[in-house]
1. Let me spell it out: the conditions are (1) surrounded by 21 or more Cβ atoms within 10 Å (Cβ to Cβ); (2) closer than 17 Å to residue 281 by Cβ, and residue 361 meets all of them except one. Which number is the exception?
2. Taking the stretch 380-389, which residues are out of contact with any helix residue (DSSP H, G or I) (no Cβ under 8 Å at 6 or more places or on another chain) and near ligand 1 (Cβ under 7 Å from one of its atoms)?
3. Would you pick out the residues in the stretch 304-319 that are surrounded by fewer than 19 Cβ atoms within 10 Å (Cβ to Cβ) and within 16 Å of ligand 1 (Cβ to nearest atom)?
4. Looking at the stretch 269-287 only, could you name the residues that are more than 23 Å from residue 209 (Cα to Cα) and outside any helix (DSSP H, G or I)?
5. From 68, 53, grab the single residue that is surrounded by fewer than 21 Cβ atoms within 10 Å (Cβ to Cβ) and over 44 Å from the mean Cα position of the chain (by Cα).
6. Does residue 263 satisfy the condition of being in contact with a helix residue (DSSP H, G or I) (Cβ under 7 Å, 6 or more places away or on another chain) and within 16 Å of ligand 2 (Cβ to nearest atom)?
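The values are calculated or read from the model by the stated rules, or taken from the named source; none is laboratory data. What you are looking at is a predicted structure, and each value in this text was computed from that prediction instead of being measured. So basically every Cβ, Gly included, is an ideal-geometry build from the backbone, and we count neighbours across all protein chains shown.
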Ligand SMILES: Nc1ncnc2c1ncn2[C@@H]1O[C@H](COP(=O)(O)OP(=O)(O)OP(=O)(O)O)[C@@H](O)[C@H]1O
Ligand SMILES: [Mg+2]
């Protein structure tokens, strides 16, 4: 046993540390183990590994010998010949899962351990003591370490053997790490491939729905146009009931045209590239509210919009999102004598928090989960018109900016939409 000097303890600690960090591949673990143990004891050390868990065969992964060039010479012979029978011992540790120690190797045994091709080298650098230690990963033996003592007067003892076993167990943990890392890399690569496939599928689907919506636009407008022409030319001869039916056809095709336009806007949100530039969101909100007031000058709506500094966002998309939210607030406060719409803005280092608040019809929170799903509406069309795509569009826009949105309301007491936009 080497003397327990401070240097030895330091070397040991270093070797354990290196093994713990060694996550590259199994051969690099074997290399560190063979060199570390070999240098520590001044003995010839090899590490054999099992590549195939289903087979008991092991291959020479790494070898260290104190005589320069000898490890290379042994490896060359090893690669040309069948593995030396000394490695059969490694096979034995596979089954018993414990180290095998031959404290004194007799010359007959030396001949048995090393076949013809190795004998010359073995005679020039005889091995006096032989140890084979299993390299375990959990309760499985994944390899073996062999230690050949080159000094005749210091046979390997059981204490040394137990000590080498501890180092081999550390290497086993490192192998386990290597495997986990490999699995993780594989899983990550698979996840990346899947995500890319999914993104492509989404793009295709988006392109398809855009194309369908686009192609439906023409015929819908034609139905609406032709019906209007029909009404103008032949409407006077129609009975009341007929006129009513034609009126309903026109209303339906107008609604269909609105749905198609909204669908195209929705898919446009995902299709177009996000171009961020400083936008004054408070100005945006004020402009939209003034436009709404212009369209319905008779309505009395008190508004409040907090001021905020320019914020990096896609101006076009943000306009679309704000327009949808404020249109909703405007629409659902329609019945209020004193309608109120506020846009509260809180700026922080993280980003912006906005609250769109109104005192309109509100909605039932039991259905809040449906708010941002296309075509889901929480009010009847006879009560409040709409296609049910607005909030889905808002949600997509906010998410494309890395943010989030949620809604809260009390039936009859107004709604609040909270939008969080992180800084880019
Ligand atoms: N401010 C609000 N107050 C009350 N209910 C709201 C409010 N905003 C949205 N909602 C509810 O959420 C539903 C979905 O809103 P969304 O904007 O997606 O659709 P919409 O306004 O009906 O139609 P459009 O696609 O034309 O905007 C609305 O139909 C309504 O029931
Ligand atoms: Mg809407």
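1. Against the list (1) surrounded by 21 or more Cβ atoms within 10 Å (Cβ to Cβ); (2) closer than 17 Å to residue 281 by Cβ, residue 361 comes up short only on (2).
2. 388
3. Hits for the stretch 304-319 are 304, 319.
4. Result: 275, 276, 277, 278, 279, 280.
5. One residue alone meets the criteria, 68.
6. Against the criterion (in contact with a helix residue (DSSP H, G or I) (Cβ under 7 Å, 6 or more places away or on another chain) and within 16 Å of ligand 2 (Cβ to nearest atom)), residue 263 qualifies.
Conditions (1) in contact with a strand residue (DSSP E or B) (Cβ under 7 Å, 6 or more places away or on another chain); (2) farther than 24 Å from residue 414 by Cβ, marked per residue:
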| residue | (1), (2) |
| --- | --- |
| 267 | no, yes |
| 278 | yes, yes |
| 345 | yes, no |
| 349 | no, yes |
| 362 | yes, no |
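Conditions (1) at pLDDT 95 or above; (2) surrounded by fewer than 19 Cβ atoms within 10 Å (Cβ to Cβ); (3) near ligand 1 (Cβ under 9 Å from one of its atoms), marked per residue:
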site	(1), (2), (3)
375	no, yes, yes
391	yes, no, yes
394	yes, no, yes
398	yes, no, no
406	yes, yes, no
413	yes, yes, no
418	yes, yes, no
421	yes, no, no
